[in-house]
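First the structure, in the form of structure tokens, and then the observations on it.
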Amino acid sequence: MKELLETIAKSLVDYPDEVSVNEVEGEKSIILELHVATDDMGKVIGKQGRIAKAIRTVIKAAAVKDNKRVVVEIIQ
């Protein structure tokens with residue numbers, strides 16, 4: 001999951017070197033914290049959050065194959 005999110009985010013932003021993903025393991029779910037450069041926040045979120053929603057949908061679909069629950073948080 002972490003690698004998939006990192007690959008998607010790096011393909012969207014202008015500063016791919018500043019993209020990092022932190023994985024926090026919870027009891028019932030995994031939280032993926034996506035850190036991007038300040039200038040790239042708009043590119044990752046998109047108009048009305050459409051890109052962020054699409055990223056979350058893809059990650060959740062990949063997580064279903066592993067019977068896991070994943071939450072994606074976009075952090076500046």
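Key figures for this structure:
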read-out: On Cα atoms only, tilt of 50-65 relative to the major axis of the chain in degrees; value: 30
read-out: Relative contact order computed over the stretch 2-75 (Cα-Cα under 8 Å; 6+ residues apart), in percent; value: 32
read-out: 0 to 90° range, to nearest 10: angle between helix 2-12 axis and the chain longest Cα axis; value: 20
read-out: Net dipole in debye of the stretch 1-60 [+1 Lys, Arg Cβ; -1 Asp, Glu Cβ; about Cα centre; nearest 20]; value: 520
read-out: Semi-axis lengths (Å, descending) of the ellipsoid that matches the C-alpha gyration tensor of the chain; value: 21, 13, 10
read-out: Virtual spin-label span in nm between residue 11 and residue 65, 7 Å along Cα→Cβ; value: 1.4
read-out: Whole-Hz couplings from phi, Karplus 6.51/-1.76/1.60, listed for the stretch 26-40; x for Gly and Pro; value: x, 5, 10, 8, 10, 9, 9, 9, 9, 10, 10, 5, 4, 5, 9
read-out: Per-residue Cβ neighbour rank within 10 angstrom, fewest leading, 75, 55; value: 75, 55
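Taken together, the values in this text are just the output of simple stated rules run on the coordinates, not laboratory data. All values derive from a computational prediction rather than experimental measurement. Using ideal geometry, Cβ is built from the backbone for each residue, glycine included, and neighbour counts are taken over all protein chains shown.
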